[in-house]
Amino acid sequence: MSWMKYLQEAVQLPINCRVFAAFNANVDVIIKVTPYSITRILDEEPYLVHENPVHGSPVTSPEAFISLLRECLSTGKSYYDVVDLEMSAWFEEYFPERTEAMGGQAGIIANQMAAFGAPTYVYNSVLSEQQAAIYNPQIRFPTKINHKLHWVPIQAGVNDSWTKVNFIFEYPQGLTYAFGNHTVTTPRANRIILGTRSPKAAMAFSDDLVQILPQLGADVDCGFMAGYHHGPIVGRTSSLQEYIELSISQRDLLRSKNPNLRLHYEYVPTRNLADERELLYGLLPGFESFGINENEIRRVLTCCGYEQEAYEISQYERAMSLYLGALALFREFRVPRIQVHNLGYYVLVLAKPYPVSPQDVRQTCLFASAVNGAKAARGGAVPKGDVLPMAAVDLSKIGRCQLVQSAQEARKRGYPVSSDFEETGIMERDDHYLLLIPAHVVPNPVSTVGMGDTISSSAFAAEVSKLLSSSN
């Protein structure tokens, strides 16, 4: 069967499992970075450009921001960091044209699942009216009434007035920007995310909800957990280790009445590599699925001592180098499912035995590619009706070339590559499967924010829906 035939079947997949998302959500302020906007800034404040630009973390000044912007535009890489709230007025002065949208992994995933029509539930420790207003009104929020769990409409869950804001600076491919006498041309479309931070935004369930976590877990089929990178909670945990122990205990409570609950960990980097290592080794082994992109996996590999695998990706990024990196993490953490999403293709490592066939997992990833393609073309959460037309949009040449190249390299390495690998994208090894799946590439996307979250959640939720349908 051809890849386009696979795709035509994949876009029909239903999302009918009960989906839960926690913890981080925010309001994204999306700003398009144009050559004119940079010229305007530097005409008025030319001293912001330095011959040898250096930026620190967090971003605390216009000089640091311009340095960061220059670096990211020249490399085409995504970036995430914290920004001082005082920078907001400067951003508003020079970037007055902006749009607001849902941000944060939990928020983006919840809105996308609700757009499919799936029963969707979300939890944020801080939920303001501004935040609640950009959630899909069909989403439900957990509350405790008379010691019992009650799911209320999202607008009824408002519990605070503070809103976390992420400034998203997006740029397209192929534009040239002038930084004084130095120019850079963007090699690909991407974005810089700079987020405000408050101790109110705890990435865990409140103490008041702990009693009802077993019932909460029993009410859902899969959970998408993100925000752990924020780490210790002011007033509740005094160290990262205490935060990890709190997170594990809450995760265990979620599973206590539902051992079949499948949980996905969507990666976001921490500010400190040592903390990241402690966090990953403490939390990751308890999840069924892990989502990460081609840039982030290098950081995780380095953090975990796999310098050679990280170096290989940095020197020659390709499906095989990403596979070897994902395989190292699979061996290290024993997560049953690792998905690396990259421009034009996805690489997955699945543990054997896996509860869903690799053929069905491939279909769920093609479904996710179609969803993400529709999102790139139109922005926002994608209703199911907008996914179907993507069946007529060809999968990327990047992904198809990777199938050919990976087959050749795998055979040279002595791997058990079947003669139809280029047609199936599946390679079976002793204790795992490799899946290499070509994906859509949409030129000049409307938005790049949340693409990884959309890919990971759409694929995994479709997989859980498939698992449920086969068990009934």
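The values are calculated or read from the model by the stated rules, or taken from the named source; none is laboratory data. The structure presented is a predicted model; accordingly, all values stated were derived computationally and were not measured. A quick note on method: Cβ atoms are made from the backbone with ideal geometry, for glycine too, and the neighbour counts reach across all protein chains shown.
Listed values, structure above:
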quantity: Conditions (1) surrounded by 14 or more Cβ atoms within 10 Å (Cβ to Cβ); (2) at pLDDT 95 or above; (3) more than 18 Å from G107 (Cβ to Cβ); (4) in the same structural domain as F460 (by TED's automatic domain parsing); number of the one not met by G223; calculated: (3)
quantity: Qualifying positions in the range 432-452 - at pLDDT 95 or above and either under 20 Å from the mean Cα position of the chain (by Cα) or over 24 Å from L324 (Cβ atoms) (or both); calculated: L435, L436, I437, P438, A439, H440, V441
quantity: Identity of the residue in the range 73-113, among the small types (G, A, S) and surrounded by fewer than 24 Cβ atoms within 10 Å (Cβ to Cβ), that ends up modelled with the highest pLDDT; calculated: S74
quantity: Failed condition for D160, given (1) over 23 Å from the mean Cα position of the chain (by Cα); (2) farther than 30 Å from V464 by Cα; (3) part of a helix (DSSP H, G or I); calculated: (3)
quantity: Pairs where the first residue, in the range 384-409, is in the same structural domain as S321 (by TED's automatic domain parsing) and in a helix (DSSP H, G or I) and the second is of a type in the set (D, E, K, R) and surrounded by fewer than 16 Cβ atoms within 10 Å (Cβ to Cβ), C-beta under 7 Å, 6+ apart; calculated: D386/R378
quantity: Test: I154 is without any contact (Cβ under 8 Å) to a residue 40 or more places away in the chain and assigned by TED's automatic domain parsing to the domain that holds N444; calculated: yes
quantity: Helices (runs of 4 or more DSSP H) completely within the range 282-367 that count 3 or more residues being surrounded by 20 or more Cβ atoms within 10 Å (Cβ to Cβ) and in contact (Cβ under 8 Å) with a residue 24 or more places away in the chain; calculated: 296-303, 319-333
quantity: Any pair with Cβ under 6 angstrom, 6 or more apart, that starts in the range 117-144 at a residue that is more than 14 Å from A22 (Cβ to Cβ) and ends at one that is of a type in the set (D, E, K, R) and assigned to a loop (DSSP other than H, G, I, E, B); calculated: P119/R18; S128/D160
quantity: Scan of the range 128-145 for residues that are polar (S, T, N, Q) and more than 17 Å from S206 (Cβ to Cβ), ordered by number; calculated: Q130, N136, Q138
quantity: Which listed residue, of L85, L127, L68, is of a type in the set (A, V, I, L, M, F, W, C), touching a Ser or Thr at 6+ places or on another chain (Cβ under 6 Å) and within 30 Å of V234 (Cβ to Cβ); calculated: L85
quantity: Output for the range 186-213, where each listed residue is outside any loop (DSSP other than H, G, I, E, B), farther than 18 Å from G103 by Cβ and not hydrophobic (A, V, I, L, M, F, W, C); calculated: D207, D208, Q211
quantity: A377 being in contact (Cβ under 8 Å) with a residue 24 or more places away in the chain, crowded, with 21+ Cβ neighbours inside 10 Å and among the aliphatic types (A, V, I, L, M); calculated: no
quantity: Residue match in the range 228-241 (condition: modelled with pLDDT of 95 or more and either in contact with a Phe, Trp or Tyr (Cβ under 7 Å, 6 or more places away or on another chain) or not assigned by TED's automatic domain parsing to the domain that holds I297 (or both)); calculated: no
quantity: Within the range 173-212, tally of residues that are out of contact with any Cys (no Cβ under 9 Å at 6 or more places or on another chain), over 19 Å from G227 (Cβ atoms) and among the hydrophobic types (A, V, I, L, M, F, W, C); calculated: 6
quantity: Neighbours by Cβ (under 9 Å, 6+ apart or cross-chain): first from the range 1-23, of a type in the set (D, E); second part of a helix (DSSP H, G or I) and crowded, with 21+ Cβ neighbours inside 10 Å; calculated: E9/Q363; E9/L366
quantity: Residue ID - surrounded by the fewest Cβ atoms within 10 Å (Cβ to Cβ), chosen from residues in the range 250-281 that are in a helix (DSSP H, G or I) and among the basic types (K, R); calculated: R277
quantity: Among residues of the range 170-185, those that are of a type outside the set (V, I, T), without any contact (Cβ under 8 Å) to a residue 40 or more places away in the chain and not in a loop (DSSP other than H, G, I, E, B), counted; calculated: 0
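Every residue, every condition in (1) in the same structural domain as D430 (by TED's automatic domain parsing); (2) within 18 Å of the chain's Cα centre (by Cα); (3) of a type in the set (A, V, I, L, M), yes or no:
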residue: Y265; (1), (2), (3): yes, yes, no
residue: P269; (1), (2), (3): yes, yes, no
residue: I297; (1), (2), (3): yes, yes, yes
residue: Q315; (1), (2), (3): yes, no, no
residue: L329; (1), (2), (3): yes, yes, yes
residue: F333; (1), (2), (3): yes, no, no
residue: Y346; (1), (2), (3): yes, yes, no
